[in-house]
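A.B. asks: Take this structure first; my questions come after.
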Amino acid sequence: MLLAAGRGERMRPLTDTCPKPLLRVQGQSLLHYPLQALARAGVSAVVINTGWLGDQIEPAFGTHLTPPLVAGGDASKQMQLLYSHEGRGAGEALETAGGIVRALPLLDDVFWVAAGDVFVPGFAFSADSAARFRASPQLAHIWLVPNPAHNPQGDFGLSAEGLALNLPRIAAQALFTFSTIALYKRAFFEADWCPIPMGNPEGVKAPLAPMLRAAMDLGSVSASLYDDLWVDVGTPQRLAQLNE
């Protein structure tokens, strides 16, 4: 699942007329990069949630990822694109957890999630990573990155055993920034820390971080550190820097 429903307030005025995932970085839309990486990894279908100006996103990509985006241009390896249009049912974006639960009926028992507004061109959505996670007892596996200048305190810790840690920000343990890239099991969104029913029929808005922290306290979230290029394209200045 790729998250593409947000308003992009910090990107205004660019996002007054264009949804943030369609803003262009080095000649391609932001959303192009994770879609291309998922296609290379052999993922057969992706759900994209939409909200603000969401009616622009489905026409931009259609129902299948077609060559030349798929490596080798083999039409038989097209990736199906599905859409969860939050703006049509709930009226506006449902935040991260609310949006994922809305789309849950379309998702597999184990699935990737990434934000459509981060630039991380080198990340590989590895089938081996998904297989290891499927076989593990954890309900989520998140990728952390070194803290960027705009988030110097970080979000979560990482234990020597590979578990994500919910630590107070004053702790001596080093904290890292959540990249938004993660693997989840459906059971994560069926646990007590997520009270939203399947499909989120009431359109409940809910952030993801409190649920992750509750799961971390029970040892249910593992993590990896990713130290290659990762940019949260959250402001016009960061977008301009990437395009220089």
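The values are calculated or read from the model by the stated rules, or taken from the named source; none is laboratory data. For clarity, every value in this text was computed on a predicted model and none was experimentally measured. Every residue, glycine among them, receives a Cβ derived from its backbone with ideal geometry; neighbour counts consider all protein chains shown.
A.B. asks: Would you please list the contacts, defined by Cβ atoms under 8 Å and residues six or more apart or on different chains, that run from a residue in the stretch 74-89 that is outside any helix (DSSP H, G or I) to a residue that is modelled with pLDDT of 90 or more and exposed (fewer than 13 other Cβ atoms within 10 Å of the Cβ)?
C.D. replies: none
A.B. asks: Residues to consider are E190, E202; find the one that is over 29 Å from Y33 (Cα atoms) and modelled with pLDDT under 90. Outline the logic, then answer.
C.D. replies: Working: E190 fails: modelled with pLDDT under 90.
Criteria check complete, one pass: E202.
A.B. asks: Please work out which residue is farthest from T96 (Cα to Cα), limiting yourself to the stretch 1-57 and to residues that are in a helix (DSSP H, G or I) and small (G, A, S). Give the steps one after another, and end with the answer.
C.D. replies: Just the residues of the stretch 1-57 that are in a helix (DSSP H, G or I), to begin with: 9-11, 14-16, 20-22, 32-40, 54-57.
Next cut, small (G, A, S) only: 37, 39, 54.
Working: A37: 21, A39: 23, G54: 16 Å.
Filtering first and then ranking leaves A39.
A.B. asks: List every residue pair whose Cβ atoms sit under 7 Å apart, with the two residues 6 or more apart in sequence or on different chains, where the first one lies in the stretch 204-215 and is at negative phi and outside any loop (DSSP other than H, G, I, E, B) and the second, anywhere, is modelled with pLDDT under 95 and polar (S, T, N, Q).
C.D. replies: The qualifying pairs are R213/N166.
A.B. asks: Could you tell me whether the stretch 154-165 includes any residue that is surrounded by 15 or more Cβ atoms within 10 Å (Cβ to Cβ), among the aromatic types (F, W, Y), within 26 Å of E9 (Cβ to Cβ) and over 16 Å from the mean Cα position of the chain (by Cα)?
C.D. replies: Keep residues of the stretch 154-165 that are surrounded by 15 or more Cβ atoms within 10 Å (Cβ to Cβ), which gives 154-158, 163-165.
Filter again for among the aromatic types (F, W, Y), leaving 156.
This time we only want the ones that are within 26 Å of E9 (Cβ to Cβ), so: 156.
Filter once more, so that each one left must be over 16 Å from the mean Cα position of the chain (by Cα): 156.
The answer is yes; a qualifying residue exists.
A.B. asks: Kindly indicate whether G27 is surrounded by fewer than 18 Cβ atoms within 10 Å (Cβ to Cβ), under 21 Å from G122 (Cα atoms), more than 19 Å from the chain's Cα centre (by Cα) and of a type outside the set (A, V, I, L, M, F, W, C).
C.D. replies: Numbers: surrounded by fewer than 18 Cβ atoms within 10 Å (Cβ to Cβ): yes; under 21 Å from G122 (Cα atoms): yes; more than 19 Å from the chain's Cα centre (by Cα): yes; of a type outside the set (A, V, I, L, M, F, W, C): yes.
Answer is yes for this residue.
A.B. asks: R238 is checked against (1) surrounded by fewer than 18 Cβ atoms within 10 Å (Cβ to Cβ); (2) without any contact (Cβ under 8 Å) to a residue 12 or more places away in the chain and fails just one. What number does that condition carry?
C.D. replies: (1)
A.B. asks: Moving on. I'd like the full set of residues that are crowded, with 21+ Cβ neighbours inside 10 Å and assigned to a loop (DSSP other than H, G, I, E, B), limited to the stretch 90-106.
C.D. replies: A93, L94
A.B. asks: If you take the residues in the stretch 109-141 that are among the acidic types (D, E) and touching a helix residue (DSSP H, G or I) at 6+ places or on another chain (Cβ under 8 Å), which one is farthest from A191 (Cα to Cα)? Steps first, answer last, please.
C.D. replies: First, the residues of the stretch 109-141 that are among the acidic types (D, E): 109, 117, 128.
Filter once more, so that each one left must be touching a helix residue (DSSP H, G or I) at 6+ places or on another chain (Cβ under 8 Å): 109, 117.
Values: D109: 14, D117: 28 Å.
Of everything passing the filter in the stretch 109-141, D117 is farthest from A191 (Cα to Cα).
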